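Structure, as structure tokens:
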Amino acid sequence: MDLPQAFISKMTNLLGSEAQDFFLALNNPAEKGITVNTKRIDLEKFKKNANFEYMPIPLVSNGFFVNSFRFAENVFNHMGVIYSQEPSAMYPVSMMDIKDNDIVLDVCAAPGGKSIQILNALGEKGILVSNEIVFNRAKILDENISRMGYKNSIITCNSPQELSTLDRIFDKIIVDAPCGGEGMIRKTKFNIFDYNPNMIESNSIRQLEILNSVKNLLKNNGLLMYSTCTYDPRENEEVVSKFLKENSEFEIVYKNEFLQASEQGLEIDGKSIGYRRYPHKHKGEGQYMCLLKKCGNEDENIRLKNTTIKGYVSISQKEQVIIKNNLKNIGNFPDFKYLKKGDNIYIVPDTNIDLKNLNTLRVGCLLGTIQKDLLKLSHDFYHTYGEYFKNEIELQESEVNKYLHGEELDKNMTNGIYAVNYLGVTIGGGKIANGKLKNYYKKELRIWEHYY
């Protein structure tokens with residue numbers, strides 16, 4: 001691979017005798033990986049039914065190396081069971097020790113891999129706010145998280161400075177900062193000759209600004225993960241070192257077990273700052289990560305009792321009745337909390353986060369819309385809450401691809417609305433009428449060829 005001389009000189013100074021191995025590794029294909037959504041399928045069932053080769057990723061409980069396969073068309077993708085993620089990018093969240101009831105903020109979340117890891121680790125009462133400053137990328141983030149079927153996520157589109165208006169509430173925060181992207185040379189195949197070394201200084205200024213914008217959102221004794229996919233110390237160890245000098249209440253958390261899959265970061269003032277991964281030493285691309293703890297007295301319960309979400313309003317009593325009457329006919333559903341944005345009605349988790357000053361794209365799960373006193377259910381509702389439907393169809397292997405293709409299926413079953421499952425996981429919905437399953441699988445998601 002042809003590389004600019006400035007990059008060659010920098011990496012040679014950084015790696016010394018290992019530099020040649022590093023440059024040779026850049027000629028190899030990028031490693032591919034997936035995370036498995038164990039909220040929808042247990043690992044044993046996944047392993048038994050996966051129709052592609054996989055190998056566990058060390059220290060990532062639900063992460064696997066994979067060979068090339070048609071990810072977009074694979075049935076596990078449509079089930080919300082797998083997410084394509086670069087292996088090294090899995091390690092920052094794996095270091096964070098996410099607990100069931102944590103309230104977590106992912107500051108720079110698109111396209112969503114780290115958010116999906118966090119949601120997989122959270123329990124029913126945990127909440128994740130996934131933020132992305134660029135609207136188009138925030139929409140992609142929303143789509144990726146929605147198809148995984150999680151109930152307890154919030155998608156926002158704000159700057160770090162806008163996020164700073166929130167009350168201090170989060171147990172964990174991750175800043176996977178925008179960076180020069182040097183670690184992704186093999187994966188993204190961007191033209192490295194467009195790489196501008198002069199941008200590194202401006203990147204590092206922005207990275208430090210992001211950390212300082214969100215630091216006050218973290219509870220005392222909460223954890224803050226800083227990560228990048230680049231090699232330059234000015235965007236990695238030096239950013240963390242400057243942040244620590246300006247914020248004495250923070251300290252580095254060392255996780256020595258991760259030295260099995262990474263190496264110590266560079267030293268500043270005699271102390272190693274975080275961890276690094278290199279493609280010539282580890283199976284994956286370039287990655288930097290440093291876990292910080294905010295020290296102080298334990299906070300009292302500072303979670304808010306009331307939630308206000310910009311752009312969302314309560315539904316009317318009439319709408320409440322329509323929803324109740326429609327849902328009782330098709331399933332035994334919990335008592336949901338609803339909010340409305342435009343014509344869309346959402347099932348809202350118990351967030352206790354005041355979002356009145358933020359641009360919120362989605363909160364919880366889209367239930368659907370009301371049209372002439374009838375509730376039109378969204379694909380997301382079938383996909384996420386299929387376990388509560390009275391009527392369920394379990395597809396056979398020979399049928400699932402036809403369903404994903406959008407075809408009607410012959411089903412000699414009682415007329416009515418059904419959750420459509422495969423391997424016990426709800427893929428979507430449908431309606432049985434006169435021995436036929438009318439296919440409700442979302443058109444934008446359908447497979448247009450007959451293969452997995």
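If the condition is being under 15 Å from Y385 (Cβ atoms) and open to solvent by 30 Å² or more (accessible area, probe 1.4 Å), then the range 410-424 contributes I417, G424. Tell me which residues, restricted to the range 199-214, are within 25 Å of the chain's Cα centre (by Cα) and either buried (at least 21 other Cβ atoms within 10 Å of the Cβ) or closer than 29 Å to N13 by Cα (or both). N203, S204, R206, Q207, L208, E209, I210, L211, V214 - these are the residues of the range 199-214 that are within 25 Å of the chain's Cα centre (by Cα) and either buried (at least 21 other Cβ atoms within 10 Å of the Cβ) or closer than 29 Å to N13 by Cα (or both).
The set of residues in the range 244-274 being of a type in the set (S, T, Y) and touching a residue at least 40 places away in the same chain (Cβ under 8 Å) consists of S262 alone. Report, by residue number, each residue of the range 368-385 that is more than 12 Å from K151 (Cβ to Cβ) and either at pLDDT 95 or above or within 21 Å of the chain's Cα centre (by Cα) (or both). Answer for the range 368-385, where residues must be more than 12 Å from K151 (Cβ to Cβ) and either at pLDDT 95 or above or within 21 Å of the chain's Cα centre (by Cα) (or both): G368, T369, I370, L375, K376, L377, S378, H379, Y382. Based on what the data block shows, is L355 at pLDDT 95 or above and open to solvent by less than 50 Å² (accessible area, probe 1.4 Å)? No: the conditions fail for L355.
Applying the criterion of being in a helix (DSSP H, G or I) and of a type in the set (V, I, T) to the residues of the range 108-141, the residue that is surrounded by the fewest Cβ atoms within 10 Å (Cβ to Cβ) is I140.
Number of residues in the range 221-256 that are acidic (D, E), outside any strand (DSSP E or B) and surrounded by fewer than 19 Cβ atoms within 10 Å (Cβ to Cβ): the value is 3.
Assessment of the range 150-166 against the conditions (on the phi > 0 side of the Ramachandran plot and touching a helix residue (DSSP H, G or I) at 6+ places or on another chain (Cβ under 9 Å)) yields no matching residue. Before we move on, is N144 surrounded by fewer than 16 Cβ atoms within 10 Å (Cβ to Cβ) and either charged (D, E, K, R) or in a helix (DSSP H, G or I) (or both)? The answer is no for N144. Could you go through the range 277-294 and let me know if any residue there is surrounded by fewer than 16 Cβ atoms within 10 Å (Cβ to Cβ), at pLDDT 95 or above and of a type in the set (D, E). For the range 277-294, residues surrounded by fewer than 16 Cβ atoms within 10 Å (Cβ to Cβ), at pLDDT 95 or above and of a type in the set (D, E): absent. Here I447, I427, I370 are screened, and the one residue that is in contact (Cβ under 8 Å) with a residue 60 or more places away in the chain, among the β-branched types (V, I, T), assigned to a strand (DSSP E or B) and crowded, with 19+ Cβ neighbours inside 10 Å is I427.
The values are calculated or read from the model by the stated rules, or taken from the named source; none is laboratory data. Predicted model, so just to flag it, every value in this text is computed and none were measured. Cβ sites come from the backbone with ideal geometry, for glycine too, and all protein chains shown count toward neighbours. When the accessible area is computed, the model is the full protein with side chains, heavy atoms only, and any ligands, DNA or RNA have been set aside. Shrake-Rupley method; radii C 1.70, N 1.55, O 1.52, S 1.80 Å.
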